[in-house]
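Take a look at the structure below.
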Amino acid sequence: MALGFGIIGCGMIANFHTRAIGDVRGAKLAACFDTVPAAADRLAQSTGCRAYYDLDAMLADPAVDVVTVGTPSGAHMEPAVAAARAGKHVIVEKPLEITLRRCDKIIEECEKAGVVLSTIFPSRFHASSVELKQAIDQGRFGRLVAGDAYVKWYRTQQYYDSGAWRGTWELDGGGALMNQAIHSVDLLLALMGPVAEVRAQTALLAHQRIAVEDHAVATLRFANGALGVIEASTACYPGHLPRIEFHGTTGSGVMDEEDFVKWDFARPAKRDAAIREKMAQRKSGGGGAADPKAIGHHGHARQFQDVLAAMKKGTKPRIDGPEGRRSVEIILAVYKAAETGRAVKLPLPADPLLKVRKNGMPTA
C-alpha cells in the first residue's frame with residue numbers, strides 16, 4: 001500500500017516535491033496545505049490531491065503518513081513540530097531551520113514522537129557524490145589536504161523583491177550562504193568531516209533592499225587537519241555551475257554540479273576510465289546558477305525513497321535531523337566570524353545568533 005505524502009507550503013519548491021513523489025515507488029501525494037488558499041488550490045488541481053487551508057485539518061487526515069515542509073526557511077519549525085506531534089514522519093527542505101535552537105526543537109520533537117526526520121540535501125544522492133564518498137572511504141585520496149566549495153551564482157534584484165521574506169535574517173536566515181550554497185556546504189561536510197575553525201568575510205555588493213550577504217568567502221580548518229574554502233555568491237553574472245573540489249596526497253576529484261572535471265589518482269583503478277566517461281558527460285543542468293527553478297527533481301526522489309525505506313525498516317534515513325543541523329552550524333559560524341573579524345571554533349554554543357542589529361547583521 002502506498003504511503004501518503006502531504007505537502008506543507010505550496011510555493012515553488014512544492015512543484016519539485018510533487019514530481020519527486022510521483023517518481024517514488026510506494027508513494028503518492030495525498031494532500032497539500034498553504035495559508036494562501038489559491039496556492040493550495042493550484043497545486044491540488046494540478047496533482048489531484050486534496051487541498052487544505054488549515055494545517056491541523058491536514059495533519060488529522062489518515063491518508064497523510066509523511067509531510068514535506070517547504071515554507072520559508074525561518075518558518076520550518078512550527079509546521080515540522082506540529083506534524084511530529086500528529087504522528088507524521090517529517091521531511092524538511094534545507095535548511096533544517098535558521099538557528100540551532102530551532103533545529104534542536106525539531107529534532108527533539110521528532111525523537112519524542114518516534115517519527116522519522118530527514119533534511120533535504122539531494123546533492124548527496126547524485127551518482128558522482130556517491131563515487132566521491134566511496135573513493136574517500138577507500139583512502140584513494142591519501143591524506144586529505146583541501147576541501148573547497150565554490151557557488152558563484154546570480155540572482156536578479158527582482159528575485160529578492162518577489163517575496164518579502166527573501167533576503168531577511170528573520171525568515172531567510174541569511175543570504176547566498178544559507179539559501180543557495182548550503183547544498184555544497186552540506187556535501188563538503190559529508191565528505192571531509194567536521195570543521196574545527198572558521199574565518200570569514202561577507203558583503204552586500206550587488207543588490208538593494210536586503211539585509212543579508214550576496215557574497216561570502218570563508219576559510220576552514222577541518223578536524224582532520226585539512227584546509228578549505230567556501231565561496232558563495234548571488235552576485236556573479238551570469239551564474240556558474242557550483243564546483244566542489246577534494247585534494248589529497250594521492251588523488252584529486254573536482255566536480256561541477258554533477259559532472260567530474262578531474263578524477264586523478266596516483267594509483268589508477270580499473271573503474272576510473274569508466275567513471276570519467278560516465279560522470280563527465282556535461283549533462284548537468286544549470287544547477288540553479290541563474291534560475292532557482294532550473295534544478296532537477298531526481299535527487300529529491302532518491303532522498304524520498306531513502307526516507308520511505310527508513311520508515312519501513314524503523315531505521316534512520318541517510319540525512320536525518322542532526323545531519324541537517326551540521327551545515328546550519330557551519331554557516332552560523334561563518335556569519336559570526338565575518339561579524340567579529342575573529343576565528344570561530346566549532347562546535348558552537350546552543351545558539352550564537354539570537355538578535356539582529358539595526359544594520360541587519362546578526363549578533364550574539
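The values are calculated or read from the model by the stated rules, or taken from the named source; none is laboratory data. Not measured: the values here are computed from a predicted model. Counting neighbours? That spans all protein chains shown, and the Cβs are built from the backbone with ideal geometry, glycine included.
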If a residue must be of a type in the set (A, V, I, L, M), buried (at least 17 other Cβ atoms within 10 Å of the Cβ) and under 27 Å from Tyr160 (Cβ atoms), how many such residues does the stretch 205-250 contain? 11
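For every residue, the table says whether it meets (1) surrounded by fewer than 19 Cβ atoms within 10 Å (Cβ to Cβ); (2) farther than 26 Å from Glu108 by Cα; (3) not small (Gly, Ala, Ser).
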{"residue": "Leu3", "(1), (2), (3)": "no, no, yes"}
{"residue": "Gly6", "(1), (2), (3)": "no, no, no"}
{"residue": "Phe16", "(1), (2), (3)": "no, yes, yes"}
{"residue": "Cys32", "(1), (2), (3)": "no, no, yes"}
{"residue": "Ala38", "(1), (2), (3)": "yes, yes, no"}
{"residue": "Gly70", "(1), (2), (3)": "no, no, no"}
Going through Ala181, Ala164, Ala149 one at a time, which residue ends up being out of contact with any Pro (no Cβ under 9 Å at 6 or more places or on another chain) and among the hydrophobic types (A, V, I, L, M, F, W, C)? Ala164
Of the residues that sit in the stretch 135-158 and are assigned to a strand (DSSP E or B) and not charged (D, E, K, R), which one is farthest from Asp65 (Cα to Cα)? Val145
Say we look at the stretch 74-118 and pick out the residues that are buried (at least 24 other Cβ atoms within 10 Å of the Cβ) and among the small types (Gly, Ala, Ser); which of these is nearest to Ala164 (Cα to Cα)? Ala80
Could you list, in sequence order, the residues of the stretch 49-81 that are farther than 19 Å from Lys28 by Cβ and of a type in the set (S, T, N, Q)? Thr71, Ser73
Given the conditions (1) charged (D, E, K, R); (2) in a loop (DSSP other than H, G, I, E, B); (3) closer than 30 Å to Ser128 by Cα, and given that Arg166 satisfies all but one, which numbered condition is not satisfied? (3)
Mind checking which residues of the stretch 106-134 are more than 30 Å from Asp264 (Cα to Cα) and not in a loop (DSSP other than H, G, I, E, B)? Ile106, Ile107, Glu108, Glu109, Cys110, Glu111, Lys112, Ala113, Leu117, Ser118, Thr119
What single numbered condition from (1) within 15 Å of Val217 (Cα to Cα); (2) surrounded by 24 or more Cβ atoms within 10 Å (Cβ to Cβ) fails to hold for Thr202? (2)
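Restricting the stretch 324-362 to residues that are in a loop (DSSP other than H, G, I, E, B) and closer than 26 Å to Ile91 by Cα, which is modelled with the lowest pLDDT?
Selected residue: Leu354.
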